[in-house]
Amino acid sequence: LNLSIKADQINIQKFGLEIQTLNFDIQDIESSMDDKRLAIAKLIKELERNEEPSLLVIFLKYQSLSDSLTAIQNLRDINNQLAIDIENLNNLHGTLSSKVDELSGKKIQVEVRKVNAENRKGIVEDQKTDRRNLIIKTKNKESLYEQQITELRKKQQEIADEIEKIEAELRKGI
């Protein structure tokens, strides 16, 4: 059980380090999400500034066809970048959710390990107490047995003395 308790302590430390790593990952993801949100806000402001007019208005707005096509391409690029950034933000949100779930799982595992370690410590203490009590009982019985042996030896000596007396009297009588 002592080895099991030490193994639990090591696992608790390991889970603590994993929790720290997950916390750092979560902070990085949240930072990336903030960056993506800022990029999306910037793109939306750019779209609002251009107000995405109809193609005819864009063609009429610029003096040359190439300027008009460039403006249209810029609007398409902004829209495409916006779609990519939104997709990336959604992916980051999914990753964040999975990391938070993993973090919760690790925290639960740490708590379970702590409870198990405490229970094992209690069992070890109970076993130590039982051993101490057994040693005390054994010592008490040992002293009791020694007293009984001493009494039996006294009785044996008394009987031997009595037998000698009787034999001595019988010898005198013969």
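The values are calculated or read from the model by the stated rules, or taken from the named source; none is laboratory data. Note that the structure is predicted; figures quoted are calculated from it, not measured. Please note: Cβ atoms are built from the backbone with ideal geometry, for glycine as well, and neighbour counts cover all protein chains shown. Keep in mind that these areas ignore ligands, DNA and RNA; they rest on the heavy atoms of the full protein, side chains included. Shrake-Rupley method; radii C 1.70, N 1.55, O 1.52, S 1.80 Å.
For residue 18, what is the net charge nearby, where nearby means another residue's Cβ is under 13 Å from its Cβ and Lys, Arg count +1, Asp, Glu -1?
Once all neighbours under 13 Å are counted, the net charge is +3.
For residue 17 and residue 48, calculate 0.36 nm times their separation in residues minus their Cα-Cα distance, and state this gained length in nm to one decimal. Kindly include the intermediate steps, with their values, before the conclusion.
Details: separation 31, 0.36 × 31 = 11.16 nm, distance 4.63 nm.
This chain segment gains 6.5 nm when fully extended.
What is the percent carbon and sulfur in the accessible area of the chain, measuring with a 1.4 Å probe over the protein chains and ignoring ligands? Write down the numbers at each step before the final one.
Working: 7460 of 13750 Å².
Percent of accessible area from carbon and sulfur atoms in the chain: 54.
Could you sort out which of 6/128; 42/107; 139/165 sit more than 28 Å apart by Cα distance in this structure? Don't jump to the answer; show the numbers that get you there.
Details: 6/128 18 Å; 42/107 38 Å; 139/165 39 Å.
Pairs exceeding 28 Å: 42/107; 139/165.
Remind me, relative contact order of the chain in percent, using alpha carbon pairs under 8 angstrom and six or more residues apart? Kindly include the intermediate steps, with their values, before the conclusion.
Numbers: 73 pairs, mean separation 68.5, N = 174.
Once normalised by length, the contact order is 39 percent.
Considering only protein heavy atoms, what per residue accessible area in square angstrom results for region 1-128 with a 1.4 angstrom probe?
On the way: 8950 Å² over 128 residues.
Accessible surface, normalised per residue, equals 70 Å².
Charges on Cβ only, +1 for Lys and Arg, -1 for Asp and Glu, centred on the Cα centroid of the chain; of 40, 91, 29, which one is farthest towards the dipole's positive end?
Most positive-ward Cα: 29.
Quick check: the distance between the Cα centres of region 133-161 and region 69-105, to the nearest angstrom?
If we compute the Cα centre of each part, the gap is 89 Å.
Within the set of other residues whose C-beta is less than 14 Å from the C-beta of residue 29, count the net charge using Lys and Arg as +1 and Asp and Glu as -1. Present the calculation step by step, with values, prior to reporting the outcome.
Values: positive: 36, 37, 99; negative: 25, 28, 30, 34, 35, 101, 102.
Around residue 29, the surrounding residues sum to -4.
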